[in-house]
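What follows is a short report on a single structure.
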Amino acid sequence: QRQLVESGGGLVQAGGSLRLSCAASERIFGRYTLAWFRRAPGKEREFVAAVRWNDGNTYYTDSVKGRFIISRDNAKNMVYLQMNSLKPEDTALYYCAADVGGLRIGTRPYEYDYWGQGTQVTVSS
């Protein structure tokens, strides 16, 4: 079965940057959408960003637009989240997720079929 493994989390000061990586155990192809979600303390899991595999189309939640960049490497079956200008409110467990098929980029957790176990990002004041 397909597995997703996140890495790259850590502790940074406000204004700093981190790059998260998500590695897929199997080849990603077709109409897959790869996304990042996050779960902050005391909050529900929320959508952050997504990229459509075939054409690279991206979508971001408003709170990270202009700060975060999602990208993918098709040859390596990897997806990345470059996070810049980090804020304390970005502190969360970040998850990589994959939606198999579909014509639109989903923003709800239930739309995704595979999930990683998360990597912790902590932003200090």
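Straight-line cross-link reach from LYS65 at under 16 Å between alpha-carbon atoms covers these lysines, not counting any fewer than eight positions away in the same chain: LYS87.
Residue order by solvent-accessible surface for ILE105, ILE69, ILE28 is ILE69, ILE105, ILE28, largest first, with ligands and nucleic acids left out and a 1.4 Å probe.
About its Cα centre, what dipole magnitude does the stretch 35-125 give when the only charges are +1 on Lys and Arg Cβ and -1 on Asp and Glu Cβ, stated in debye to the nearest 20?
120 debye
Fraction of C-alpha pairs exceeding 24 angstrom in the chain: 19 percent, rounded to a whole number.
Taking GluC sites (Glu not before Pro) across the stretch 20-77, the ones in a DSSP loop with at most 13 further Cβ atoms lying within 10 angstrom of their Cβ are GLU26, GLU44.
Counting only DSSP beta bridges whose two residues both lie in the chain, roughly 90 percent are antiparallel.
Within the stretch 50-103, list the trypsin sites (Lys or Arg not before Pro) lying in a DSSP loop whose Cβ has at most 16 other Cβ atoms in a 10 Å radius. Qualifying residues, ordered by number: LYS65, ARG67, LYS76.
Percent of alpha carbon pairs in the stretch 4-55 separated by more than 19 Å? Of all Cα-Cα pairs in the stretch 4-55, 41 percent lie more than 19 Å apart. Here the accessible area of the chain is 45 percent carbon and sulfur, with a 1.4 angstrom probe and all protein chains present. Full extension of the chain between ARG39 and THR58 yields a length gain of 4.8 nm, computed as 0.36 nm times the residue separation minus the alpha carbon distance. Here r is the Cβ-Cβ distance between ARG104 and ALA14 and R0 is 30 Å; the resulting FRET efficiency, rounded to 0.05, is 0.30.
The values are calculated or read from the model by the stated rules, or taken from the named source; none is laboratory data. Since this is a predicted model, take the numbers as computed values, not measurements. A quick note on method: Cβ atoms are made from the backbone with ideal geometry, for glycine too, and the neighbour counts reach across all protein chains shown. Side chains are part of the model used for accessible areas, which takes the heavy atoms of the whole protein and leaves out ligands, DNA and RNA. Shrake-Rupley method; radii C 1.70, N 1.55, O 1.52, S 1.80 Å.
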